[in-house]
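First comes the structure, then the notes that go with it.
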Amino acid sequence: MSRRLVAWAGTLLLTAVLLVTQAPTAAAGATAATVIDLGVAADRGGDVVGHNGKIFVAADDRIVVTKSDGALIDTISGLSGAVALSVADNGRKVYAALRDSHEVIEIDITTLAITKRVGLTAYPCPSTLAQSYERLWVGYGCGQAGEGGVVALEMWRSTPALVPVGSGATQPPLVAVAGSTLVAGEPGADPTSISVYDVSTAQATPRGEIRADTSLRDLALADYGSAALSALADTHRFDAWDTTTNAKTRAYDSGELSEHGLPTAVAASPNGAYVVGGWNSSAGDAAELVVYDPATAEVIYSADHQGKTLVAGSIAFYGVLTYAVLKEPDTGRMHLWRLPHSPYHASTLTMTAPFEATALKQLTFSGRLTLSTGALPGVQTLELYRWLPDGTSRPFQEITTAADGTYQFTDAPPSTGAFKYQVYWPGNSWFRGSGSSVTVTMAKYQPTLTVTGLATGNVGERLEFNGTFGADGITFPQTIITVSRKVVSPDGTGTSTGLVKLAPAADGSFSFSDTPTTAGEHTYIVKLFGNSTIEPASTTHVVTVLQPPA
């Protein structure tokens, strides 16, 4: 909860404090994407990775390092053809492929020092990278027919072992790894053949090939390696392929540029919540990023930028943020493109406290869930949390909204003091979650004590009385009722006697009886002692007792 608004409303017996969570500020649709000038121009590079609070962008003779908001931290310079990056799952090392010096370097993510260099003269022009922990797969090739391929590097060794995976390519194959699946496909080859490998052991085992009728622009894995994602030329879409059957299972194509644009980059978020596709216009003067639901291919969010092109394969994820790299077509100047944090749209949840707040009485709370796009949320499940004045929690409860987002719930606080209520909607792939809380200070329950019975009676006859201090539906804590009797005889003399002390039932009801021995006006005085939750109360009931005729 970023901010809280405290409002006081009350009477002598009531104070209600409203603590309302404010949803993140959003435009009518969603917060806009941002584009940050990196201050560097390069013909090659543009790959991007993020970890440990830093974003790394390859820029040919250097690697630019920024904060997550794009603010410059440092530059790793003096490199020779930095074109591809990867980051270890443990977040301690970043690796870069240096195409011109035929090596892969290891960079300490904290100090930005180069801590290891691995020569790849036998596998020249390393240009693409994929990584799972400290095993690195490198796509290499200088453009000579049949001399390119993929090699695996075991980076945990002091002298990394090089394990060939595949060869025979002309251009450095694109590579992606997830779970125990590795995919590799040569960009520009027409038709496309994407090799699928099992890499659960040191030696990659071929599992088959995915074939398409047009050339490959980008390649990624989703759903822990069970699906391959391809950006193929001339298709105006992104395709998903089953890596077990090698069959196409889905297409993603609903961007503004999808009809005439070129699919340029594709990636799946590590948590499996999104597929992100990048497009360039056929004229090379506009770019678009589109966020898809991976299961339905529905567009969740899109952003476009005019005057720049998207670097192929440059989509990366860091926490809740999605990044890509743009270039100015004429100058090669690089810009970091950052989408708003996911989920991409905001929600607001309100809760209204009851005006009156008395212990033990049933209270009704209400509120509404609204979405920043203006769409109705439909029936949603909210989480309700409640705390007693001593800080202990009450049983967790789920409540549901109506289709328009409105909701109600009731509660009967069991004592006096400040009770806190909090409702929370966890959100979904489209909308960020939101919450609201209210603290209501409960006053003591004010009982209305009543006693019913006969108004007249005779000496020696049993009189029955019933009483209550409650209302239907309330459960009361244990308290004490006392009954005393004052008798004024016909001659005007009076006596007082204590009759009974009793514990009423949980619903506030009680009963007692008396058998008069003398004639006169009998006044029964009934007192409720009260406790920390219930105010005391008293009432009387008068019975005229007659002496029956002899």
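The values are calculated or read from the model by the stated rules, or taken from the named source; none is laboratory data. None of the values given here were measured: they were computed from a predicted structure. Quick reminder, even Gly has a Cβ in these numbers, built from the backbone with ideal geometry, and neighbours come from all protein chains shown. Heavy atoms of the whole protein, side chains included, go into the accessibility calculation; ligands, DNA and RNA do not. Shrake-Rupley method; radii C 1.70, N 1.55, O 1.52, S 1.80 Å.
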I'd like the full set of residues that are in a strand (DSSP E or B) and hydroxyl-bearing (Ser, Thr, Tyr), limited to the range 485-499. THR495, SER496, THR497
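Looking only at residues in the range 428-442 that are of a type in the set (Gly, Ala, Ser) and modelled with pLDDT of 95 or more, which one is most open to solvent (accessible area, probe 1.4 Å)? Talk me through it step by step, then tell me what you get.
Initial filter on the range 428-442 (of a type in the set (Gly, Ala, Ser)): 429, 433-437.
Cutting the leftovers down to modelled with pLDDT of 95 or more gives us 433-437.
Working: GLY433: 27, SER434: 8, GLY435: 9, SER436: 0, SER437: 1 Å².
My answer is GLY433.
Residues that are free of Cβ contacts under 8 Å to residues at least 24 places away in the same chain, part of a loop (DSSP other than H, G, I, E, B) and charged (D, E, K, R): does the range 442-450 have at least one? Give the steps one after another, and end with the answer.
In the first step, residues of the range 442-450 are kept if they are free of Cβ contacts under 8 Å to residues at least 24 places away in the same chain; the result is none.
Looking for residues that are free of Cβ contacts under 8 Å to residues at least 24 places away in the same chain, part of a loop (DSSP other than H, G, I, E, B) and charged (D, E, K, R), one finds none in the range 442-450, hence no.
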When residues of the range 460-489 are filtered for being closer than 13 Å to SER513 by Cα and either without any contact (Cβ under 8 Å) to a residue 12 or more places away in the chain or aliphatic (A, V, I, L, M) (or both), how many remain? 2
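Return the residue satisfying two criteria in turn: it lies in the range 52-77 and is assigned to a loop (DSSP other than H, G, I, E, B) and charged (D, E, K, R), and of such residues it is nearest to THR111 (Cα to Cα).
Here is the first cut: in the range 52-77, the residues assigned to a loop (DSSP other than H, G, I, E, B) are 52-53, 59, 67-71.
Going one step further and asking which of them are charged (D, E, K, R), we end up with 67, 69.
Details: LYS67: 14, ASP69: 20 Å.
Only one residue tops the list, namely LYS67.
Select, from LEU129, LEU136, LEU120, LEU112, the only residue that is more than 16 Å from ASP60 (Cβ to Cβ) and open to solvent by 10 Å² or more (accessible area, probe 1.4 Å). Let's see the steps before the verdict.
Numbers: LEU129 fails: more than 16 Å from ASP60 (Cβ to Cβ); LEU136 fails: open to solvent by 10 Å² or more (accessible area, probe 1.4 Å); LEU120 fails: open to solvent by 10 Å² or more (accessible area, probe 1.4 Å).
Answer to the selection: LEU112.
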Residues being touching a Ser or Thr at 6+ places or on another chain (Cβ under 6 Å) and either modelled with pLDDT under 95 or within 22 Å of GLY141 (Cβ to Cβ) (or both) - total across the range 50-95: 4
Here is a check on your reading of the model: is SER314 surrounded by fewer than 24 Cβ atoms within 10 Å (Cβ to Cβ) and in a loop (DSSP other than H, G, I, E, B)? no
Checked PRO426, PRO389, PRO395 against criteria (touching a residue at least 24 places away in the same chain (Cβ under 8 Å) and not in a strand (DSSP E or B)); the one match is PRO389
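Which residue, of GLY498, GLY520, GLY492, GLY457, is without any contact (Cβ under 8 Å) to a residue 12 or more places away in the chain and farther than 22 Å from MET442 by Cβ? Give the steps one after another, and end with the answer.
On the way: GLY498 fails: without any contact (Cβ under 8 Å) to a residue 12 or more places away in the chain; GLY520 fails: without any contact (Cβ under 8 Å) to a residue 12 or more places away in the chain; GLY457 fails: without any contact (Cβ under 8 Å) to a residue 12 or more places away in the chain.
Selected residue: GLY492, the only one of GLY498, GLY520, GLY492, GLY457 that is without any contact (Cβ under 8 Å) to a residue 12 or more places away in the chain and farther than 22 Å from MET442 by Cβ.
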Name the pairs: first residue in the range 347-369 and buried (at least 19 other Cβ atoms within 10 Å of the Cβ) and assigned to a strand (DSSP E or B), second residue at pLDDT below 95 and acidic (Asp, Glu), Cβ to Cβ under 8 Å, at least 6 apart or on different chains? LEU363/GLU356; LEU363/ASP411; PHE365/ASP411
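Suppose the filter is touching a Phe, Trp or Tyr at 6+ places or on another chain (Cβ under 9 Å) and at positive phi; does LEU360 pass it? Lay out the reasoning, then the answer.
Working: touching a Phe, Trp or Tyr at 6+ places or on another chain (Cβ under 9 Å): yes; at positive phi: yes.
Answer is yes for this residue.
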